[in-house]
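**Student:** Quick one: the structure is below, questions incoming.
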Amino acid sequence: MKKIITRFLFVFILLNSLFANAHAPEQGFIFLRIYESDGIEGRFEIQAEDLNKIFNWELLKEGNSREVIEPLYKELRAYLLEHSSFSSSAGAHNVTFKGIDVLSTGLGDYIQVFFDLDNVDPLPDTMDVTYNIAFKESPTHRGFLTMEYNWKAGVINNESNISLYFTPDSPTDTLDLTKVSVWKGFVAMIKQGVWHIWIGTDHIFFLIALILPAVVWRRRDEKLSPLKSWKPVTRFKPAFSYIIKIVTFFTIAHTITLSLAALQIISLPGWIVESIIAFSIGLAAFHNIKPIFKGRDWVIAFVFGLFHGFGFASVLGDIGLKDEFLVYSLLGFNIGVEIGQLVIIALIFPILFLIRNRKSYPKILVGGSIFLILASIYWIIERVFDVNLGVEDTITYWLYELAVKLGLK
């Protein structure tokens, strides 16, 4: 057990370090999103401290406010145009600025300046990019170009996909846009689907609530307590058939709504969808304690699977997908979701089947269901009232402190 905890904490600290170092001091970024039919859009991200050195500003010293930056926007645009450029065999790709914002990180505030590039129809094979920002004022400053989105290159909303590296001695480099294919984009969408189901704690909890009763059957005597109303299945086939039925109905349901939402045929407010997803966990768990749909567990999987599909669709929106390759995106993402949930079931179901005969299993089923109900209530409150109760932040803090004590951090 200690080894498992240690490995878990190691992964947690590793991921924490990776995310924390995504924006480090003395670094600036160009992010590009490349679309087959809608051209290229991007943004500069320059640390406020670097801009203070360049312009002798007092930027954000009085608070992290967008209003502080907007009066300086014109001067900043002129500087960026003078100290950066994009060109190819088609000629110069002029920058059209679209707005400004502030990104706060644990290592400082970054000023985001959004832009579009012109003259990119058709897309060039290569592009020469110059980044000469803050080098004069800070020789240790470094620049990075990140291809954040390029569907055919298999890059989907990836801020860590660094393509170019700029230094004072080498402020210009060439970006290759030819290493692309529909297959790469399709595979990337499968990975996105797998990753989303694995980090979607609410989706995982819903699956767990559904599969906890797979290895037992409920006695018909309603006078029995929840702890005494379960008997283990004697054969593997009924339990496996139950899993297949539940997964099939869940898959059909979320595929329907994922497609409808992604095609913009039906749209629901995000907070409603997320709240119903939270409610689905509690209802499925409560059904394990006191049956609501006797002999029809698939009803829960199907009805609430529809709302989970809307939740999956919101991820596609967060990724920034446009209409290009939408069919491939939907298919790939859905395949990824199925692979992700099958892996989860493959890890949990055999364990449940092995321990089904233990006298403690009804306690595990009921106790686990009560925990899932409490988690459901917690998420419902957060999502309906748009508040942060801080439990997840506290757990993260405790894990970090434990990692420190174990010498992992």
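**Student:** Being open to solvent by less than 60 Å² (accessible area, probe 1.4 Å) and within 27 Å of residue 243 (Cβ to Cβ) is true for just one of 351, 339, 345. Which residue is that?
**Tutor:** None of the others qualify; the one that does is 345.
**Student:** Next question. Quick check on region 344-351. Is at least one of its residues within 30 Å of residue 186 (Cβ to Cβ) and not in a helix (DSSP H, G or I)?
**Tutor:** No.
**Student:** Quick one: would you say residue 74 is farther than 25 Å from residue 39 by Cα and not hydrophobic (A, V, I, L, M, F, W, C)?
**Tutor:** Here the answer is no, as residue 74 does not meet what is asked.
**Student:** Return the only residue of 120, 68, 102 being hydrophobic (A, V, I, L, M, F, W, C), modelled with pLDDT under 95 and part of a helix (DSSP H, G or I).
**Tutor:** 68
**Student:** Quick test of your reading of the structure: residue 83 fulfils all but one of (1) at pLDDT 95 or above; (2) open to solvent by less than 20 Å² (accessible area, probe 1.4 Å). Name the failing condition by number.
**Tutor:** (2)
**Student:** From the list 148, 159, pick out the single residue that is under 26 Å from the mean Cα position of the chain (by Cα), within 30 Å of residue 55 (Cα to Cα) and open to solvent by 40 Å² or more (accessible area, probe 1.4 Å).
**Tutor:** 159
**Student:** Any residue at all in region 357-379 that is surrounded by fewer than 14 Cβ atoms within 10 Å (Cβ to Cβ), under 21 Å from the mean Cα position of the chain (by Cα) and either modelled with pLDDT of 95 or more or at positive phi (or both)?
**Tutor:** No.
**Student:** Looking only at region 166-208, how many residues end up being among the hydrophobic types (A, V, I, L, M, F, W, C) and in contact with a His (Cβ under 8 Å, 6 or more places away or on another chain)?
**Tutor:** 2
**Student:** Could you grab me the full set of residues in region 25-52 that are crowded, with 22+ Cβ neighbours inside 10 Å and polar (S, T, N, Q)?
**Tutor:** 47
**Student:** Moving on. If I ask for residues that are touching a Leu at 6+ places or on another chain (Cβ under 8 Å) and either among the basic types (Lys, Arg) or within 18 Å of residue 201 (Cα to Cα) (or both), which ones from region 260-294 would you list?
**Tutor:** Matches in region 260-294: 281, 282, 284, 285.
**Student:** Please determine, by comparing only the residues of region 120-144 that are within 19 Å of residue 77 (Cβ to Cβ) and of a type outside the set (Phe, Trp, Tyr), which one is most open to solvent (accessible area, probe 1.4 Å).
**Tutor:** My answer is 136.
**Student:** Taking only pairs six or more apart or across chains, which ones have beta-carbon atoms under 7 Å, a first residue in region 155-172 that is farther than 20 Å from residue 126 by Cβ, and a second residue that is β-branched (Val, Ile, Thr)?
**Tutor:** 156/319; 157/319; 159/146
The values are calculated or read from the model by the stated rules, or taken from the named source; none is laboratory data. Bear in mind that the values here come from a model prediction, so they are computed numbers and not experimental data. So basically every Cβ, Gly included, is an ideal-geometry build from the backbone, and we count neighbours across all protein chains shown. For accessibility, only protein heavy atoms count, side chains too; no ligands or nucleic acids. Shrake-Rupley method; radii C 1.70, N 1.55, O 1.52, S 1.80 Å.
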